[in-house]
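Worksheet: the structure to be examined is printed underneath.
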Amino acid sequence: MSMDARKLYEGKAKIVLATDEPDRYLMVFKDTATAFDGKKKGLIQDKGFYNAQISARLFQVLQSQGIPTHFIKLVDERTMLVRALDIIPVEVVVRNIVAGSLSKRLGRPEGERLPSPVVEFYYKSDDLGDPMICADHAIAFGFATPDECIALRELALEVNSILRPYFLERGLELVDFKLEFGKPKGAEVPGAGAEKQYPARSRLILGDEISPDTCRLWDVGTGEKLDKDRFRRDLGKVEEAYAEVYRRVCQTA
């Protein structure tokens, strides 16, 4: 396949390139790292390699369990060929254990186990700092339809039910994680009253990445943080943490 190197988008962690097929993109993973809405910036050596490899493996795991994803194949060590999506501007966060902003918002101790997974929605907007919203906000402002909000929650919980035991088998606790979903680029959106013929769930595809950048992962035995929190909190050994997750996810049978 000949690849057109035209850059479509460059974000904090990835570059998206066009190909000669309008429904296929190249996603290149970068080593740059940011935190606190871009206020903290740095470089994590080989992060792009680790995140591309980990994401590819986890997308394959999810696809094998019936979760549709945009992943097609790895083109090289840092680049994925993916299905082009129109991303829904609602980030879906699933929490199994209290950590990060949830601990700060509610004054709960970090590490407290939740009796059941908590699902949160955030409006995808760098300028606003990705504020937390509810389904009513998403519907009122046209970010997602009512049926899409239901489907986003259902799919996120299914992803959690697949990945949580997968990580546990590899000595990792899936504390929380962020997902992004989209619809096939250029796909027709059914009009009002058409949801029975075109259920929202059948149009949604998991996109973006699943990696130590987007997941909190703790070692089951020691509680050691093996994710981007090591960068956020200046804990050191950031590259070693990403390498360890890669080893457990991609190299451990």
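The table that follows gives values for the structure above.
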| quantity | calculated |
| --- | --- |
| Candidate aspartates and glutamates for bridging to LYS30, where Cα separation is under 14 Å - those fewer than 8 sequence places away on the same chain excluded | GLU10, ASP46, ASP76, GLU77, ASP208, GLU209, ASP213, GLU239 |
| Stretch gain in nm, segment LYS41-ARG201, where the contour uses 0.36 nm per residue and the Cα spacing is subtracted | 54.0 nm |
| Options (1) 27, 23, 18; (2) 25, 23, 19; (3) 45, 17, 16 - which one matches semi-axes √(5λ) of the Cα gyration tensor in Å as calculated here | (1) |
| CD proxy at 222 nm, helix term only [per DSSP H run n ≥ 4: -39500 (n - 2.57); per residue of the chain; nearest 500] | -8500 deg cm²/dmol |
| Near-label residues of region 75-107 by backbone N, under 15 Å of a point 7 Å along Cα→Cβ of LEU168 | 96-97 |
| Gained length - ASP130 relative to LEU235, 0.36 nm times residue gap less alpha-carbon distance | 35.3 nm |
| Label point distance in nm, LEU114-GLN251, each placed 7 Å from Cα along Cα→Cβ | 3.3 |
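Each reported figure results from applying straightforward, stated rules to the coordinates on display, with no laboratory input. For clarity, every value in this text was computed on a predicted model and none was experimentally measured. We place every Cβ from the backbone using ideal geometry, glycine too, and count neighbours over all the protein chains shown.
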